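Structure record follows, encoded as structure tokens.
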Amino acid sequence: MRLILAGVLFLQVLILNAQETQTQVLSYPEFLAYVKQYHPMVRQANLQLEMGEAELLKARGAFDPKLEVDYSRKEFKGTEYYDVLNSTFKIPTWYGVELKAGFEQNKGAYLNPQRKVPPEGLFAAGVSLSIAQGLIMDKRRAALRSARALKEQTEAEKNLMIAEVLFEASLAYLNWARLQKELEVYQEFVANARQRSDGIGRSAAFGEIAAIDTVEAGIALQERLLQLEQTKVKLLKQKLEVSTFLWLDNNVPVELQPGTVPEVDFLQDEVLEVQTEKGVKNAIFEGHPKLRALEAKLKALRVERRLKVNKLLPKIDLEYNFITPEPELIDYFDTSNYKAGLNVSFPLFLRKERGELKLAEYKIEDASLELELNRRQIENKVDGLMQELDSYVEQIRLTSEMVENYERLLNAEERKFSFGESSLFLINSRETKLIQARLKQTELFTKFLTTRAQLYRSLGVIPDVEAEIQQ
């Protein structure tokens, strides 16, 4: 089924009909849709996001309940030295308090006295917490918050990667469409030059015009044919460039067949008023993926700084466990039966902690400067592209008028030539100017769309072309 779909969508269906190959148009939206869905770099970008989600899952695992069982036994020459069983169930909480429940049963001839418990075992329930370092922030909470920031960062970077791939693909397609349009222009004027050369050859044979005019008409035809062949070579190379962006499922590359051509009419149809693009600029600082990635990075660095500040405090860990040999009395709190502990430590000079805190602050300052710099660069780049689009709209208008005027001059020169009041040299000169103007017009259309693609890349906007792939 996939092979059938691939053949329908991409590969040229060769139909022998009067020895001609039927052409198949690959539209610009359809091309971008397949790039967006199947290109390996797009899949890599999605993998980055999945890796961020995996890191978040890993950080959440630090708060998973944990069951621990410690059992050891020693028997030598028929004597049971010891049989020790210690099981614990722990539930970490967000605020650093760890809930604990345990069961201990020990026996043996040479058992450590502090391990002695009733024969039926000893049950315990209690809590452990840090009241200084680790109370406001600890490694588990810092890792989870950093993982959340990393997920935001990877999502933004994924959008940046996809926008970059679509931009490169757009450049390849637009140049392909431009060369296809140039090919059609040269084909049109080759036909005109051949028709003119045949007509002049017949007129010279009847002695109506000088024979030297056939040489000039032949040179003009040869020049047009040469330009046509050069464009064919460029078009072939550009088609191969476009093929590098086309893939199918299971990482299968697609090669465009000779009969596949780009959509060329959209070059002119897509030149809209620039004001329609200006509304997009308002979203620069609201959801730009580059800025969101830097903000997420800054958020993770601030979490790291809070952890370093917390390490300046002394480490004071408390633990209290209510113990009873009868599990049915576990709900009865008796202060006479307990197991408690206190652990206090504090470096005297705090040089390591103060150094780590300074480094964290420097990283935050560096990331803040990077964020502001990128914000300013993006704003200036977008403003420049908007002005460039305005300029291209005006250039396209002027070039379109020039094409119309050159067409009038060529038509007038051909009419004068039919009356014997002009020369073939002037006709060829007018035609050359018209060709150059039409090529310039196509080039400006392409530059406009290329600049617009640059604008959307600068804004981090990914074209919504999902619907096109279903057609």
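The values are calculated or read from the model by the stated rules, or taken from the named source; none is laboratory data. Bear in mind that the values here come from a model prediction, so they are computed numbers and not experimental data. Ideal geometry is used to build each Cβ from the backbone, glycine not excepted, and the neighbour counts take in all protein chains shown.
Which residue, of Leu410, Leu398, is surrounded by fewer than 17 Cβ atoms within 10 Å (Cβ to Cβ), farther than 21 Å from Tyr28 by Cβ and without any contact (Cβ under 8 Å) to a residue 60 or more places away in the chain? It would help to see each step written out before you state the result.
On the way: Leu410 fails: surrounded by fewer than 17 Cβ atoms within 10 Å (Cβ to Cβ).
That would be Leu398, the only listed residue that is surrounded by fewer than 17 Cβ atoms within 10 Å (Cβ to Cβ), farther than 21 Å from Tyr28 by Cβ and without any contact (Cβ under 8 Å) to a residue 60 or more places away in the chain.
Quick one: count up the residues across the stretch 412-467 that are among the hydroxyl-bearing types (Ser, Thr, Tyr), within 18 Å of Ala217 (Cβ to Cβ) and modelled with pLDDT of 90 or more.
Filtering the stretch 412-467 down to residues among the hydroxyl-bearing types (Ser, Thr, Tyr) leaves 418, 422-423, 429, 432, 442, 446, 450-451, 456, 458.
From what's left, within 18 Å of Ala217 (Cβ to Cβ): 418, 422-423, 429, 432.
Filter once more, keeping what is modelled with pLDDT of 90 or more: 429, 432.
Selection size over the stretch 412-467: 2.
Is one or more of the residues making up the stretch 369-388 closer than 30 Å to Ala156 by Cα, exposed (fewer than 14 other Cβ atoms within 10 Å of the Cβ) and touching a residue at least 40 places away in the same chain (Cβ under 8 Å)?
Yes, that holds for at least one residue.
Of the conditions (1) loosely packed, with under 15 Cβ neighbours inside 10 Å; (2) outside the structural domain of Lys74 (by TED's automatic domain parsing), Tyr110 clears all except one; give me its number.
The failed condition is (2).
Please verify whether Leu267 is in a helix (DSSP H, G or I) and at pLDDT 85 or above, treating the condition exactly as stated.
Details: in a helix (DSSP H, G or I): yes; at pLDDT 85 or above: no.
Here the answer is no, as Leu267 does not meet what is asked.
Could you list, in sequence order, all residues of the stretch 431-453 that are buried (at least 20 other Cβ atoms within 10 Å of the Cβ) and among the basic types (Lys, Arg)?
Across the stretch 431-453, the qualifying residues are Arg438, Arg452.
Out of everything in the stretch 325-357 that is assigned to a strand (DSSP E or B) and surrounded by 12 or more Cβ atoms within 10 Å (Cβ to Cβ), what residue ends up being modelled with the highest pLDDT? So that I can check it myself, show each step before the final result.
The first filter runs over the stretch 325-357 and keeps only residues assigned to a strand (DSSP E or B), leaving 338-345.
The next check asks that each one be surrounded by 12 or more Cβ atoms within 10 Å (Cβ to Cβ); those that pass are 338-339.
Numbers: Tyr338: 85, Lys339: 88.
Out of the qualifying residues, it is Lys339.
Please go through the stretch 113-144 and pick out each residue that is assigned to a strand (DSSP E or B) and buried (at least 16 other Cβ atoms within 10 Å of the Cβ). Reasoning before the result, please.
Restricting attention to the stretch 113-144, the residues satisfying the condition of being assigned to a strand (DSSP E or B) are 122-130.
The answer is Leu122, Phe123, Ala124, Ala125, Gly126, Ser128, Leu129, Ser130.
Scanning the stretch 208-267 for residues that are over 18 Å from Arg194 (Cα atoms) and among the basic types (Lys, Arg), which turns out farthest from the chain's Cα centre (by Cα)?
Lys232
Select from the stretch 403-456 the residues that are more than 15 Å from Glu188 (Cβ to Cβ), assigned to a helix (DSSP H, G or I) and among the small types (Gly, Ala, Ser) and list them in ascending order.
If the condition is that a residue be more than 15 Å from Glu188 (Cβ to Cβ), assigned to a helix (DSSP H, G or I) and among the small types (Gly, Ala, Ser), then Ala412, Ser418, Ser429, Ala453 are the ones that fit.
Using the structure shown, decide if Ala177 is of a type in the set (Gly, Ala, Ser), part of a helix (DSSP H, G or I), closer than 22 Å to Ser27 by Cβ and touching a residue at least 24 places away in the same chain (Cβ under 8 Å). Talk me through it step by step, then tell me what you get.
Values: of a type in the set (Gly, Ala, Ser): yes; part of a helix (DSSP H, G or I): yes; closer than 22 Å to Ser27 by Cβ: yes; touching a residue at least 24 places away in the same chain (Cβ under 8 Å): yes.
Against the criterion (of a type in the set (Gly, Ala, Ser), part of a helix (DSSP H, G or I), closer than 22 Å to Ser27 by Cβ and touching a residue at least 24 places away in the same chain (Cβ under 8 Å)), Ala177 qualifies.
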